Structures are given as C-alpha cells and as structure tokens.
Amino acid sequence: GENVEQHPSTLSVQEGDSAVIKCTYSDSASNYFPWYKQELGKRPQLIIDIRSNVGEKKDQRIAVTLNKTAKHFSLHITETQPEDSAVYFCAATPEAGGTSYGKLTFGQGTILTVHP
Amino acid sequence: GAVVSQHPSWVICKSGTSVKIECRSLDFQATTMFWYRQFPKQSLMLMATSNEGSKATYEQGVEKDKFLINHASLTLSTLTVTSAHPEDSSFYICSASRDSHQPQHFGDGTRLSIL
C-alpha cells in the first residue's frame, strides 16, 4: 500500500517568513495530492490540492509543487501570519482503479507555529 | 457547498457501552464516506470505507464486528463502536466525497472518551 512520509514534524517561523513542508510517497499509482490544515480539536480543512498532470499550483499565499519522478510534493506558504499556525497534513491517493481507489493516506503531520 | 455534519461532537460513557456516531453530507450526495481515527498528536488513520448500499471495506487491523458501519443513504453513514473500552477512546472523523474524483470533506469529528 501507499506510504507517505512528511517533514518536518514541527516548524517554527517568524511572521512574514515563508514555510515549506515536504512529503514523499511510495505508490507510483498515486495521482491526487491534497493538503489539509487542522486546528486543535477541529476538522481537517482542504487548503490546496494537486493532480499528477500538473507540476505546480498556486492559490494566493499557498502553493504546492509536485515531482512525480522523485515521488515528492511540497507545500509552500509565503508571508506567514499567526493564524496560519496549525497542523498541516499531506495526503496521497490513486484516483482511479485498484483497491485503494479514493483512499487517502496521510503524512504524519507538521505542527506549524508562526510567531508574531 | 460540501458541508459534512458529524454528531455527536463529544461522548463520555462507561466501558461496555455501545456508541453510535452519525455522519451526514448536508448539501451533496456522497457515494463514498470514510471513517478515520485520530489519536492525540497523531495523523488520521483510515478505518474503513463506506459505500452507499453495500458493505463497508475495513482496513487491516480494524475489527469489523467492533466498528459497525452502515451507509443506508447517499447522505448518511453511521459508525457504531460496540462494547467500547478505554482503549477505544479517540477522535473519530468522517469524510465524504461526491465521487472518488472529488476532494474529501471532513466532519467536525467526535471525541469519544470511555471511562
């Protein structure tokens, strides 16, 4: 099955700095890679996602890059703000075919702290 | 759109009790719903995949007789933790998607505490 590794486990930055979180995956059949933000005791919220037919996607201060050859993808947050502080999870799934169809495998999570 | 409601949000009960958790997609029809368990400071672990009108598919190591899943309609799936014990205490979260090509949207989660 799929295995997703996420680094770092904790990340502390100053307000205004950039934050980068990296994930690697093992299953070459995976072709959909969402990123979720989870605040303490709350639901994971989808913040951005990318499919394997593109290498980069951007939404305001958030961007995701994907390298299918190397099987890794990264989340980039620019101009960080204190409200960006949360736990961020990457995930991977094959979207079509096989027994893992649609199932998300999550990374271990990154605790991001943005200091004012 | 894509709102998922989960109820209850918090349950405290005695060991041996069975607890039912509901997951509803409020503004869309969900052909597939997923149930996850999350221990403190850990990631989400998939327990089972629930498809409307058919039996749930459980992940390896998850006891299907202990975690009963019913997906009776396109907007409702339930997870029943039978004869719960303290080790079952966890944060249980459901998610739903319109189909497997669509993002999963999560419910607010249910914090289950077994005394």
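If I go through segment B:47-66 residue by residue, how many of them are in a strand (DSSP E or B), open to solvent by 20 Å² or more (accessible area, probe 1.4 Å) and either touching a residue at least 12 places away in the same chain (Cβ under 8 Å) or on the phi > 0 side of the Ramachandran plot (or both)?
We begin by selecting, within segment B:47-66, every residue in a strand (DSSP E or B); these are B:47-51, B:57-58.
Of the ones still in play, those that are also open to solvent by 20 Å² or more (accessible area, probe 1.4 Å) are B:51, B:57-58.
Imposing the further condition that a residue be either touching a residue at least 12 places away in the same chain (Cβ under 8 Å) or on the phi > 0 side of the Ramachandran plot (or both) reduces the set to B:51.
Residues meeting the conditions: 1.
Would you pick out the residues in segment B:67-77 that are surrounded by fewer than 19 Cβ atoms within 10 Å (Cβ to Cβ) and touching a strand residue (DSSP E or B) at 6+ places or on another chain (Cβ under 7 Å)? Give the steps one after another, and end with the answer.
First pass over segment B:67-77, keeping only residues surrounded by fewer than 19 Cβ atoms within 10 Å (Cβ to Cβ): B:68, B:70, B:72-74, B:76.
B:L68, B:N70, B:L76 - these are the residues of segment B:67-77 that are surrounded by fewer than 19 Cβ atoms within 10 Å (Cβ to Cβ) and touching a strand residue (DSSP E or B) at 6+ places or on another chain (Cβ under 7 Å).
Out of all the residues in segment A:1-31, which are assigned to a loop (DSSP other than H, G, I, E, B) and of a type in the set (D, E, K, R)?
Filtering segment A:1-31 down to residues assigned to a loop (DSSP other than H, G, I, E, B) leaves A:1-3, A:8-9, A:15-18, A:26-31.
Passing the criteria: A:E2, A:E15, A:D17, A:D27.
Between residues in segment A:38-54 that are more than 9 Å from chain B (Cβ to nearest Cβ) and residues that are open to solvent by less than 60 Å² (accessible area, probe 1.4 Å) and of a type in the set (D, E, K, R), which pairs lie under 8 Å by C-beta distance while being six or more apart or on different chains?
A:I47/A:K37; A:R51/A:E95
Under the condition of being at negative phi and surrounded by fewer than 22 Cβ atoms within 10 Å (Cβ to Cβ), which residue from segment B:80-89 is nearest to the other protein chains (Cβ to nearest Cβ)? Talk me through it step by step, then tell me what you get.
Step one: list which residues in segment B:80-89 are at negative phi, which gives B:80-82, B:84-89.
Narrowing further to those that are surrounded by fewer than 22 Cβ atoms within 10 Å (Cβ to Cβ): B:80, B:82, B:85-89.
Details: B:T80: 21, B:T82: 24, B:H85: 23, B:P86: 20, B:E87: 21, B:D88: 18, B:S89: 14 Å.
In this case the residue turns out to be B:S89.
Need the failing condition index for A:A91 against (1) touching a residue at least 12 places away in the same chain (Cβ under 8 Å); (2) surrounded by fewer than 19 Cβ atoms within 10 Å (Cβ to Cβ); (3) within 19 Å of B:C94 (Cα to Cα), just the number.
Among (1) touching a residue at least 12 places away in the same chain (Cβ under 8 Å); (2) surrounded by fewer than 19 Cβ atoms within 10 Å (Cβ to Cβ); (3) within 19 Å of B:C94 (Cα to Cα), A:A91 violates only (2).
Could you please tell me which pairs satisfy a Cβ distance under 6 Å, a separation of 6+ or placement on different chains, a first residue in segment B:98-110 that is more than 7 Å from chain A (Cβ to nearest Cβ) and under 16 Å from A:W35 (Cα atoms), and a second residue that is modelled with pLDDT of 80 or more and open to solvent by 20 Å² or more (accessible area, probe 1.4 Å)?
none
Hey, can you tell me all the residues within segment A:47-60 that are open to solvent by less than 60 Å² (accessible area, probe 1.4 Å) and not β-branched (V, I, T)?
Narrowing segment A:47-60 to residues open to solvent by less than 60 Å² (accessible area, probe 1.4 Å): A:47-50, A:52, A:55.
A:D49, A:S52, A:G55, listed by residue number.
Of all the residues that make up segment B:49-65, how many are over 13 Å from the mean Cα position of the chain (by Cα) and under 23 Å from B:V11 (Cα atoms)?
2
The values are calculated or read from the model by the stated rules, or taken from the named source; none is laboratory data. Treat the numbers as computed from the prediction; the structure is a model and nothing was measured. As a convention, Cβ positions derive from the backbone with ideal geometry for all residues, glycine included, and neighbour counts pool all protein chains shown. To get the accessible areas, we keep the full protein, side chains included, count just its heavy atoms, and leave off ligands, DNA and RNA. Shrake-Rupley method; radii C 1.70, N 1.55, O 1.52, S 1.80 Å.
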